[in-house]
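Down below is the structure, laid out as structure tokens.
None of the figures in this text is laboratory data; all of them are computed from the coordinates on show. Model, not experiment: these values are computed from the prediction. Cβ sites come from the backbone with ideal geometry, for glycine too, and all protein chains shown count toward neighbours.
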Amino acid sequence: MGDELAAHYGEDLVEASRLSRSPHGRLELLRTRELVRRELTPGTLQVLDVGGGTGVHAAWLAGDGHRVHLVDVVPSHVRAAAALPGVTAEEGDARRLTAPDASVDVVLLLGPLYHLVEAEDRARALAEARRVLRPGGLVAAAGISRYLSLMAAGADGTLDEAMRDSVRRVIDTGCYDAHVGFVTTHFHGAEELSKEVSRAGFVDVAVYGVEGPSWPALDAAGDDAFGALCDAALRAARLVERDPHLVHASAHLLAMGRAPAL
Ligand SMILES: C[S@@+](CC[C@H](N)C(=O)[O-])C[C@H]1O[C@@H](n2cnc3c(N)ncnc32)[C@H](O)[C@@H]1O
């Protein structure tokens, strides 16, 4: 699996700019940061950023004063993250963490769950997150909305007859065959993601829409319009972040839950 991901992500660190090179990426970063920050308890926390990539989230968490350790399967990502101030990093797999039991306050899983296409593998990654969290600790686990490619390709003019069946399939099954780019992955429904996180033993699980419904319009308007459109898009995202009718209009879903208190 590491080899397949290393081949996709490569050595040129395309992932490092994923959350800054497009309007929807910039919105994803702002909203993920605000949703996670909202749940963090006061004080210096031990954060394990699993599938943390090049450390885009690790960087702001370390900047906020937390102790951040990042785990990723792609060696070039780990090297980039390890160079960030206040961040340590190791090569590893979300399904087999090296951290001891009950040793961290926060686990971020912002990537592995959609790359793990088998449900048993996602369950293993969530069980590992649960194992390493202290009682009351926070898990934040990202999924990709099953409606992402419908919204992206429907808005940018690329949804043609040839793509129709693939778009329908991912909505119905979650099996994404890379028809709008990226790699073969699993896309989630909100209820499905909530169940997977709850089944791993987490409590108080809630699923949030990250970007809200405005992200395709932001992409269509282009980078130069981001400053003018961003505040309204953020407000729209907050207004419907838990709305069951619109949660899938976000490109990403973020499940947050707690390890049970003792
Ligand atoms: C799209 S990137 C997201 C990076 C970052 N967490 C973010 O939110 O911007 C997905 C990351 O998950 C990593 N990843 C995928 N499967 C993994 C696994 N089983 N264990 C650890 N990392 C994994 C990939 O190598 C990649 O760096």
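Structural descriptor for the stretch 146-185: relative contact order 35 percent, calculated from alpha carbon pairs under 8 angstrom and at least 6 residues apart. Compute the label zone of S17 within the stretch 222-262: residues whose backbone N is under 14 Å from the point 7 Å along Cα-to-Cβ. The answer is 223. For the stretch 146-185, the fraction of alpha-carbon pairs lying more than 15 Å apart is 27 percent, rounded to a whole number.
Quick one: compute the contact order of the chain, relative version, from alpha carbon pairs under 8 angstrom and 6+ residues apart, as a percent. Result for the chain is 20 percent. Rounded to 0.05, the FRET efficiency of the D3 and A228 pair, given R0 = 51 Å and the Cβ-Cβ distance, is 0.75. Of L19, L239, the sequence from fewest to most neighbouring Cβ atoms within 10 angstrom is L239, L19. For the stretch 112-255, what D do you get in µm² per second when you plug the Kirkwood radius from alpha-carbon pairs into Stokes-Einstein at 20 °C and 1.002 mPa s? The estimated diffusion coefficient comes to 133 µm²/s.
FRET efficiency for the R67 to T158 pair, using the beta carbon distance and R₀ = 45 Å, is estimated at 0.55. For a label point 7 Å from the Cα of E118 along Cα→C-beta, name the residues of the stretch 182-215 whose backbone N is under 18 Å from it. Of the residues in the stretch 182-215, 184-187 have backbone N under 18 Å from the label point off E118.
Measuring gaps between exposed loop sites in the chain (trypsin sites (Lys or Arg not before Pro); DSSP loop; at most 14 other Cβ atoms within 10 Å), the longest gap, sites not included, is 22-241. The tail of the calculated P(r) for the chain, taken as Cα-Cα distances beyond 32 Å, holds 17 percent of the pairs.
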